[in-house]
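S.K.: Starting off with a structure, shown below.
The values are calculated or read from the model by the stated rules, or taken from the named source; none is laboratory data. These numbers come from a predicted model, not from an experiment. Because the Cβ atoms are built from the backbone with ideal geometry, glycine has one as well, and the counts that use them run over all protein chains shown. Just the protein is used for accessible areas: all its heavy atoms, side chains included, with ligands, DNA and RNA removed. Shrake-Rupley method; radii C 1.70, N 1.55, O 1.52, S 1.80 Å.
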Amino acid sequence: MLPQNDVQEYLRRRLLADLHLGRLKPGDRAPSLRIVASELGVGIRAVSRAYAHLANEGLVTIRGRSGVYVAPQASVEPILSEPQAWYSAILTDAWKRRIPLPQLPELLQQFVSRRLSCACIESTEDHMVAFCAELEEDFGLDTVSVMLGEGGADEAEDKRRIQEAIESTDFVVTTAFHAAEVRAAAQASGKPVVVVSVNDALVQAIQRALRVGPVVIVAADHRFVDRAERYLIGAFAEHGHMRVLLIDQWLADPQIVADAAPMLTRAARKQLNQPAMDLAAEPLPFLSLDAARVITQSMISVQVEAELQPA
């Protein structure tokens with residue numbers, strides 16, 4: 001039978017080796033008394049005494065009947081704010097991809113070195129204002145608005161304006177309501193088309209408000225009201241009662257929403273010279289995470305393509 005000191009040294013070496021190789025991490029369960037006793041051919045009490053010594057050294061913690069666990073190690077993670085943690089994740093991912101961190105700023109600069117432009121194609125002012133504002137403010141893009149059906153324009157005129165905008169910009173952004181026609185127009189140019197959707201957090205904020213009571217969306221464009229009544233109100237019906245009004249109706253009779261929580265679109269707030277935000281009181285993005293991902297992918301693709309063009 002091994003001497004007590006040998007049992008203790010065996011466990012110390014085994015635990016330190018497994019920690020170093022990443023097989024064990026702080027908080028993981030250490031080998032059980034029974035398993036170690038069987039491996040070494042010693043009694044369970046000898047293993048228990050060895051673990052007690054290692055607990056005094058700070059290598060393990062003993063939790064009664066629960067067992068023996070690897071103790072927290074000397075390394076202490078710093079406390080970071082949410083943006084700082086995000087930066088850390090970016091740097092760590094770059095390291096994982098074997099990108100030297102000092103080179104990272106220069107690499108990223110390549111993808112934002114030239115200010116890009118995008119054609120924003122829509123048929124309601126409320127949607128157009130919402131996503132164009134974020135494209136300009138959050139992504140640093142120059143936007144070219146193409147309002148379909150504006151001034152009584154017919155289908156042929158809309159197609160001509162879409163084609164002109166596509167040819168004069170780097171990529172195209174639209175909504176699901178116009179995705180088919182925009183993709184068809186952009187196909188020949190080979191330029192990226194981004195179909196934006198609404199951010200989950202904004203949708204959830206509306207759902208929460210509906211569970212509290214009726215909600216009235218106040219909009220700037222009658223075409224947005226028509227779209228909402230046709231598509232959007234039904235999508236929120238299970239959460240509560242929603243109505244959509246034009247801002248002129250609301251201003252003419254504020255009591256029309258006396259029993260409900262009014263939510264103003266960014267375009268409606270713009271008409272009132274109010275601070276810009278979309279519907280919810282908290283500063284929530286309009287664009288979804290998936291939309292943002294495709295926008296940044298399009299930005300990188302365009303920048304890379306420009307780098308490959310002969311001078």
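S.K.: If you check residue 97 against the conditions, is it in contact (Cβ under 8 Å) with a residue 40 or more places away in the chain and of a type in the set (Lys, Arg)?
M.R.: no
S.K.: I've got another one for you. When residues of region 170-192 are filtered for being outside any strand (DSSP E or B), under 20 Å from residue 129 (Cβ atoms) and of a type in the set (A, V, I, L, M), how many remain?
M.R.: 3
S.K.: Another one. Give the number of residues within region 221-251 that are among the aliphatic types (A, V, I, L, M) and either touching a Gly at 6+ places or on another chain (Cβ under 8 Å) or open to solvent by 20 Å² or more (accessible area, probe 1.4 Å) (or both).
M.R.: 6
S.K.: Can you list the strands (runs of 3 or more DSSP E) lying wholly within region 34-151 that have 2 or more residues being farther than 30 Å from residue 230 by Cα and in contact with a strand residue (DSSP E or B) (Cβ under 9 Å, 6 or more places away or on another chain)?
M.R.: 60-62, 68-70
S.K.: Given the criteria acidic (Asp, Glu), under 24 Å from the mean Cα position of the chain (by Cα) and either farther than 18 Å from residue 116 by Cα or assigned to a helix (DSSP H, G or I) (or both), does residue 167 qualify?
M.R.: no
S.K.: Also, quick follow-up: How do the pairs read when you match residues in region 292-306 that are in contact (Cβ under 8 Å) with a residue 40 or more places away in the chain and farther than 11 Å from residue 139 by Cα with residues anywhere that are of a type in the set (Lys, Arg) and open to solvent by less than 60 Å² (accessible area, probe 1.4 Å), using Cβ under 9 Å and keeping only pairs 6 or more apart or on different chains?
M.R.: Sorted first by the residue in region 292-306, then by its partner, the pairs are 298/191; 302/191.
S.K.: I'm told residue 13 meets every condition in (1) modelled with pLDDT of 90 or more; (2) touching a strand residue (DSSP E or B) at 6+ places or on another chain (Cβ under 6 Å); (3) open to solvent by 40 Å² or more (accessible area, probe 1.4 Å) except one. Can you identify the failing condition by its number?
M.R.: (2)
S.K.: Okay, next question. For region 38-66, enumerate the residues that are closer than 17 Å to residue 19 by Cβ and loosely packed, with under 13 Cβ neighbours inside 10 Å.
M.R.: Scanning region 38-66 gives 57, 58.
S.K.: Scanning for something closer than 25 Å to residue 138 by Cβ, open to solvent by 40 Å² or more (accessible area, probe 1.4 Å) and without any contact (Cβ under 8 Å) to a residue 40 or more places away in the chain, does region 256-263 turn up at least one residue?
M.R.: Checked region 256-263: no residue is closer than 25 Å to residue 138 by Cβ, open to solvent by 40 Å² or more (accessible area, probe 1.4 Å) and without any contact (Cβ under 8 Å) to a residue 40 or more places away in the chain.
S.K.: Then there is this: Is it true that some residue in region 217-230 is touching a Phe, Trp or Tyr at 6+ places or on another chain (Cβ under 8 Å), under 16 Å from residue 262 (Cα atoms) and in contact (Cβ under 8 Å) with a residue 24 or more places away in the chain?
M.R.: For region 217-230, residues touching a Phe, Trp or Tyr at 6+ places or on another chain (Cβ under 8 Å), under 16 Å from residue 262 (Cα atoms) and in contact (Cβ under 8 Å) with a residue 24 or more places away in the chain: present.
S.K.: May I pose another question? Checking residue 83 against (1) modelled with pLDDT under 90; (2) open to solvent by 90 Å² or more (accessible area, probe 1.4 Å); (3) farther than 30 Å from residue 20 by Cβ: exactly one of these is not met. Which one?
M.R.: With (1) modelled with pLDDT under 90; (2) open to solvent by 90 Å² or more (accessible area, probe 1.4 Å); (3) farther than 30 Å from residue 20 by Cβ applied to residue 83, the lone miss is (2).
S.K.: Additional query: Can you confirm whether residue 93 is of a type in the set (D, E, K, R) and within 21 Å of the chain's Cα centre (by Cα)?
M.R.: So residue 93 passes the test.
S.K.: Something else about it: Which numbered condition in (1) assigned to a helix (DSSP H, G or I); (2) open to solvent by less than 60 Å² (accessible area, probe 1.4 Å); (3) in contact with a helix residue (DSSP H, G or I) (Cβ under 7 Å, 6 or more places away or on another chain) is the only one that residue 159 fails?
M.R.: (2)
S.K.: State all residues of region 265-285 that are modelled with pLDDT of 85 or more, open to solvent by 20 Å² or more (accessible area, probe 1.4 Å) and either of a type in the set (A, V, I, L, M, F, W, C) or within 20 Å of the chain's Cα centre (by Cα) (or both); if no residue qualifies, say none.
M.R.: Within region 265-285, 272, 285 meet the criteria.
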